[in-house]
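Presented below is the structure to which this report refers.
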Amino acid sequence: MKKKVIYLFIIFTATILQTSSAVFFLNHNWPADIILMLVLAWTLIDGFEEFLPWAIVAGLFYDLAYFSPIGTHILILAVLSYCLSFFSKRFSLEIRGTGLLLVMAFVVGTTLGSRIITVALEFGVDALKTDLENFRILIGVFLSSALLNLVIFFGLYFMIRKIEKFFRLKQKRVPIDI
């Protein structure tokens, strides 16, 4: 029960950070995506099946915070979480060796994929056309956002691993009957 409360607190805190301060990291319409990076890190650590309910909760908080239709970000986070889980089972997606490069490529790809899906769902295909018309500006904005998302991802990944390790240690303790 305590683990669930802490997970809920982490998702709530990430939502608050996403809506309040992530926009100030970059001065444009493509802010860092803290919640997406949280879901990706947790999926890589726990696996899709175990983390799917938490991805749904994170997507619900995201939808409520951004006043988007309920289910938009739930769908995006669930699909991207599944894709990461699918590729992590086929390839060695670990934070060492060539797996590190694959994880970095996946984070950069989800940054772009999330942006495309979000813009297409919220503003329609015409908004994607205007993004592509300003392609030179878009590349610079994308690279800075992808770099910031990489930093956020690795920070969250190591923080969540510490939390998971803490809860595994707490669960292994066996009470001694006297």
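Residues of the range 70-86 that are among the small types (Gly, Ala, Ser) and under 13 Å from residue 110 (Cβ atoms): 78, 81, 85.
Is the range 33-56 home to any residue that is in contact with a helix residue (DSSP H, G or I) (Cβ under 8 Å, 6 or more places away or on another chain), within 16 Å of residue 156 (Cβ to Cβ) and surrounded by fewer than 20 Cβ atoms within 10 Å (Cβ to Cβ)? Checking the range 33-56: at least one residue is in contact with a helix residue (DSSP H, G or I) (Cβ under 8 Å, 6 or more places away or on another chain), within 16 Å of residue 156 (Cβ to Cβ) and surrounded by fewer than 20 Cβ atoms within 10 Å (Cβ to Cβ).
With respect to the conditions (1) surrounded by 16 or more Cβ atoms within 10 Å (Cβ to Cβ); (2) at pLDDT below 90; (3) acidic (Asp, Glu), residue 63 falls short on a single one, namely (2). There is no residue in the range 118-128 that is in a helix (DSSP H, G or I), modelled with pLDDT of 80 or more and under 12 Å from residue 36 (Cβ atoms). Would you confirm whether or not the range 84-94 contains a residue that is crowded, with 17+ Cβ neighbours inside 10 Å, among the acidic types (Asp, Glu) and without any contact (Cβ under 8 Å) to a residue 60 or more places away in the chain? Looking for residues that are crowded, with 17+ Cβ neighbours inside 10 Å, among the acidic types (Asp, Glu) and without any contact (Cβ under 8 Å) to a residue 60 or more places away in the chain, one finds none in the range 84-94, hence no. State whether one or more residues within the range 13-21 are closer than 26 Å to residue 105 by Cβ, more than 11 Å from the chain's Cα centre (by Cα) and at pLDDT 90 or above. No, that holds for no residue.
The values are calculated or read from the model by the stated rules, or taken from the named source; none is laboratory data. These numbers come from a predicted model, not from an experiment. Please note: Cβ atoms are built from the backbone with ideal geometry, for glycine as well, and neighbour counts cover all protein chains shown.
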